[in-house]
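Structure, as structure tokens:
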Amino acid sequence: MQNKIDELFKSELVVVNIGPKMFGDAVRKQGAEVIQVDWKPLAGGDKEMIAILEALGGI
Amino acid sequence: MNAIREQIEKANEKVIDILLNSQPTWVDVKPAGEIIPGFEKNMLLHPGPPFEDVNDIVPTLRTSLCGSIIHEGLASTMDAAWEMIKTGEVAIKPAQDYNASCAAVTVISASMPVIVGKDTVFGGVGYASIHPGPNPKCLRWGFYDEDVEKDLSWFRDVFGPALGEAVRSMGGINMKTILARTAGMGDENHVRQPASSSALILELIPALLELKIEQRDDVIRAFAANDRSFLHVMMAGTMGILETARNVPMSTVMVAMGGNGTEFGLQFAGTGKQWFSVPAPKILGQLLNPSWTEADLAGYLGDSCVTEIYGLGGFSAIASPAFVRLTGGSFADAKKRTEDAREVSLGEHLFAPIPWDDYRGFPVGIDMRKVVATNITPTSHGGSARLVGGQGGAGSMLVPMDCFKQGLRAFYELVRG
């Protein structure tokens, strides 16, 4: 198990960044490969609206 | 799929079919009191949502309302006219609730001629006043005096009947054809439409030349000297389309949009004639006089944005980089405005592609679920009114998110029973 963890830390870093781009940009500037996933919370995080959207069967 | 969602999707498909496949056609010009169902003599139509308290009416709209009452011969002074509004002797109603639309500070009274826009596929009929032309002193911008009265009378007695006769003699003018012919000519067709207005003039002038009336040349001169005439024609056409679209229950598509200077509101097909309103934001961009400030402007005032429900204006921003520049935006902003509208729309018109947007069409059918879910609200273009009367500027405004949230909440309450 320990070997596998060592292996992971020694391998080339590939980062998946979800949401705010600036976090991914900071890692990219340090030379790592970053895969950006554009994501933002549903309805801007408005819980009442999320519940209504779900009750209406989503979108 | 959730049963409610299935019903919504089916209803929305129907609305999109109407929006995409309708054929808005200018078929006539008639006095409002004769042609608009439910119109009464002691009644005025105004832009935007209804007023709960007439004391909230901004001065420029008050001038248009009172001037219209004098124009109808119901009062002889502005004070007496205002009293009739305060007592309810003259009823003031939102134009869009009558399938009509009032651009800027326009008010429609019984004898005023209105453009009749018929959707020849689904049968809906809508109305709008005739654009008054380039003279800035007009009722449309909240002015009323002897000069304005003279113009209103000429429109009622000469210009309106002449346009009606010419259009009838042609069997109507198809608005989609005009939009298709002028695609890629720089119009976004809400605040800027020199190309489509010119195309309209080219269509109508041969019929106007056949009129056997004394003031024929004056009519032609007035119509040909106006590069904004197509806006009001398209407003009537859009209202005709929306008459059918707004009657589809369970649809989450936006079917009304406008401001009364105090409040700005939206309606959705599935929630009937209920308005979802917020304090009217201002249209910001370019002021027409450097000594004016934002404080001089009324809140969003006008119904001409109904054309945006059809996908024009801010939703078609990429079609008119020149206008977006005027609002303080760049070419990239123009593209983003259209892309944002696409993100929250259910359909795309393909009959008027924009070459510099990869020949994409313009988005149509704003779905309130998509707006709320993505937290993306579309941008509207418009002209702004000064509180004291006159056009203050032109620019853009984000359609308020809260109107969509209110709508979605009401829709949910309705389907939940």
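Data for the structure
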{"item": "Residue match in the stretch B:314-329 (condition: in a helix (DSSP H, G or I) and within 14 Å of chain A (Cβ to nearest Cβ))", "result": "no"}
{"item": "Cβ pairs under 8 Å, 6+ apart, first in the stretch B:74-92 and farther than 15 Å from residue B:46 by Cβ, second assigned to a loop (DSSP other than H, G, I, E, B) and among the polar types (S, T, N, Q)", "result": "B:74/B:42; B:89/B:42"}
{"item": "The stretch B:334-385, residues that are charged (D, E, K, R), in a strand (DSSP E or B) and over 26 Å from residue B:302 (Cα atoms)", "result": "B:360"}
{"item": "Those residues of the stretch B:7-16 which are within 14 Å of chain A (Cβ to nearest Cβ) and either farther than 18 Å from residue B:124 by Cβ or crowded, with 19+ Cβ neighbours inside 10 Å (or both), in sequence order", "result": "B:7, B:8, B:9, B:10, B:12"}
{"item": "Answer residue from the stretch B:356-366, given it is of a type in the set (A, V, I, L, M, F, W, C) and surrounded by 23 or more Cβ atoms within 10 Å (Cβ to Cβ) and is nearest to the other protein chains (Cβ to nearest Cβ) among those", "result": "B:366"}
{"item": "Any pair with Cβ under 8 angstrom, 6 or more apart, that starts in the stretch B:110-132 at a residue that is under 21 Å from residue B:94 (Cβ atoms) and ends at one that is modelled with pLDDT under 95", "result": "B:110/B:40; B:110/B:41"}
{"item": "Any hit, the stretch B:70-90, residues being assigned to a strand (DSSP E or B) and among the small types (Gly, Ala, Ser)", "result": "no"}
{"item": "Residue in the stretch B:282-291 that is away from chain A (no Cβ under 14 Å) and under 18 Å from the mean Cα position of the chain (by Cα) present", "result": "yes"}
{"item": "Residue in the stretch A:9-16 that is surrounded by 10 or more Cβ atoms within 10 Å (Cβ to Cβ) and closer than 14 Å to residue B:375 by Cβ present", "result": "no"}
{"item": "Answer residue from the stretch A:37-59, given it is modelled with pLDDT of 95 or more and more than 8 Å from chain B (Cβ to nearest Cβ) and is surrounded by the most Cβ atoms within 10 Å (Cβ to Cβ) among those", "result": "A:50"}
{"item": "Members of the stretch B:367-392 that are within 10 Å of chain A (Cβ to nearest Cβ) and either of a type in the set (Val, Ile, Thr) or touching a residue at least 40 places away in the same chain (Cβ under 8 Å) (or both)", "result": "B:367, B:369, B:371, B:372, B:374, B:376"}
{"item": "Test: residue in the stretch B:17-33 that is more than 14 Å from chain A (Cβ to nearest Cβ) and assigned to a loop (DSSP other than H, G, I, E, B)", "result": "yes"}
{"item": "Breaking point among (1) within 13 Å of chain A (Cβ to nearest Cβ); (2) more than 25 Å from residue B:263 (Cα to Cα); (3) surrounded by fewer than 21 Cβ atoms within 10 Å (Cβ to Cβ); (4) of a type outside the set (D, E, K, R), for residue B:332", "result": "(1)"}
{"item": "Residue within the stretch B:401-410 that is surrounded by 24 or more Cβ atoms within 10 Å (Cβ to Cβ), among the basic types (Lys, Arg) and within 14 Å of another protein chain (Cβ to nearest Cβ) present", "result": "no"}
{"item": "Residue in the stretch B:37-60 that is part of a helix (DSSP H, G or I), surrounded by 16 or more Cβ atoms within 10 Å (Cβ to Cβ) and in contact with a Pro (Cβ under 9 Å, 6 or more places away or on another chain) present", "result": "no"}
{"item": "Meets criteria (of a type in the set (A, V, I, L, M, F, W, C), touching a Ser or Thr at 6+ places or on another chain (Cβ under 8 Å) and within 14 Å of another protein chain (Cβ to nearest Cβ)) for residue B:4", "result": "no"}
{"item": "Single residue of B:18, B:4, B:35 found to be farther than 25 Å from residue B:179 by Cβ and not assigned by TED's automatic domain parsing to the domain that holds residue B:369", "result": "B:4"}
{"item": "Residues that are at pLDDT below 90, in contact with a strand residue (DSSP E or B) (Cβ under 9 Å, 6 or more places away or on another chain) and of a type in the set (A, V, I, L, M), drawn from the stretch A:2-31", "result": "A:13, A:14"}
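This table checks each residue for (1) under 30 Å from residue B:71 (Cα atoms); (2) part of a helix (DSSP H, G or I); (3) outside the structural domain of residue B:75 (by TED's automatic domain parsing).
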| site | (1), (2), (3) |
| --- | --- |
| B:147 | yes, yes, no |
| B:151 | yes, yes, no |
| B:154 | yes, yes, no |
| B:157 | yes, yes, no |
| B:167 | yes, yes, no |
| B:178 | no, yes, no |
| B:188 | no, no, no |
| B:196 | no, yes, no |
| B:200 | yes, yes, no |
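The values are calculated or read from the model by the stated rules, or taken from the named source; none is laboratory data. In this text, all values refer to a predicted model and were calculated from it rather than measured experimentally. Note that we place each Cβ from the backbone using ideal geometry, even for glycine, and neighbour counts take in every protein chain shown.
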